[in-house]
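The values are calculated or read from the model by the stated rules, or taken from the named source; none is laboratory data. Just so it is clear, the structure is predicted and the values come from calculations on it, not from any experiment. Cβ placement follows ideal geometry from the backbone for every residue including glycine, while neighbour counts extend to all protein chains displayed.
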Amino acid sequence: MTAVRLLVLGAIRRHGRVHGYQVRADLESWGAHEWARATSGSVYHALKSLTKDALLRVHETTPSEAGGPPRMEYELTPEGDRAYLQLLRSALARRDPRLDLLAAAVGFIDDLPRADAVALLRDRARELRDWRAAITADMPPDTDLDTWGPVGEVLGLWLDTADSRAAWTERLISRLERGAFTMADD
């Protein structure tokens, strides 16, 4: 799963039917070219790939005023909508360390019913707690990572990452439970 696929599917879903240029412009306005590598080339590649996979339907529209090929409009197929929601749910529920994928999913979290989003994030928080426990499972109690040299730094990085991501996830769950955002079922 890539963040660009999720972003492209989500952007098209928000519009219903849209030119590839508008998809690219939306993603650029969200800064996705910086945090998800959603460059012009990757967006157009995703459009082609998603069309080939029958997740998008293409409509030719008016010819280009510059004399080029006709502009294409894209819309999700029913399979594309299912794939989008599956990607979105998976990205929210997993502890996947790739921040671009998580950021893309959070950007579209309001496409889900509130209870579903909370449940998926609870799964994510549980996975993060399990990951942290696995990191420390073979460490003696009262381990001083400073004495472990560079390996201690690596373990400290993973522990801090697990802790900070779990805390962030719990804050988002709390916000959703208090009514943040207009969700799909509101």
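Condition (residue is free of Cβ contacts under 8 Å to residues at least 40 places away in the same chain and part of a helix (DSSP H, G or I)) applied to segment 54-77: is it met by at least one residue? Within segment 54-77 (the criterion being free of Cβ contacts under 8 Å to residues at least 40 places away in the same chain and part of a helix (DSSP H, G or I)), the answer is no, since none of the residues qualifies. If you go through segment 21-35 and keep only what is on the phi < 0 side of the Ramachandran plot and of a type outside the set (S, T, N, Q), you end up with Y21, V23, R24, A25, D26, L27, E28, W30, A32, H33, E34, W35. Counting just the residues of segment 4-53 that are buried (at least 18 other Cβ atoms within 10 Å of the Cβ), in contact (Cβ under 8 Å) with a residue 60 or more places away in the chain and of a type in the set (D, E, K, R), which one comes out nearest to R89 (Cα to Cα)? Per the stated criteria, the residue is R5.
On inspection, W131 passes the criterion of being farther than 26 Å from D26 by Cβ and crowded, with 17+ Cβ neighbours inside 10 Å. Going residue by residue through segment 131-148, is there one that turns out to be in contact with a Lys or Arg (Cβ under 8 Å, 6 or more places away or on another chain), outside the structural domain of L88 (by TED's automatic domain parsing) and within 27 Å of A93 (Cα to Cα)? Yes, the conditions are met somewhere in segment 131-148.
Restricting to segment 55-106, and then to whatever is more than 19 Å from the chain's Cα centre (by Cα), of a type in the set (S, T, N, Q) and within 22 Å of R14 (Cβ to Cβ), can you tell me which residue is modelled with the highest pLDDT? Across segment 55-106, the extreme among qualifying residues is T77. Could you list all residues from segment 84-112 that are surrounded by fewer than 21 Cβ atoms within 10 Å (Cβ to Cβ) and either of a type in the set (G, A, S) or on the phi > 0 side of the Ramachandran plot (or both)? Across segment 84-112, the qualifying residues are S90, A93, A103, G107.
Among the numbered conditions (1) modelled with pLDDT of 95 or more; (2) exposed (fewer than 14 other Cβ atoms within 10 Å of the Cβ), tell me where R122 comes up short. The failed condition is (2). Which residues, counting only those in segment 125-157, are among the aromatic types (F, W, Y) and farther than 17 Å from P97 by Cβ? Across segment 125-157, the qualifying residue is only W148. Taking the numbered list (1) surrounded by 14 or more Cβ atoms within 10 Å (Cβ to Cβ); (2) more than 18 Å from E170 (Cα to Cα) in turn, D144 passes all entries but (1).
Applying the condition of being part of a helix (DSSP H, G or I) and among the hydroxyl-bearing types (S, T, Y) to segment 26-53 and asking which residue is farthest from the chain's Cα centre (by Cα) yields T51. Only a single criterion out of (1) more than 28 Å from G31 (Cα to Cα); (2) buried (at least 17 other Cβ atoms within 10 Å of the Cβ) is not satisfied by M139, namely (2).
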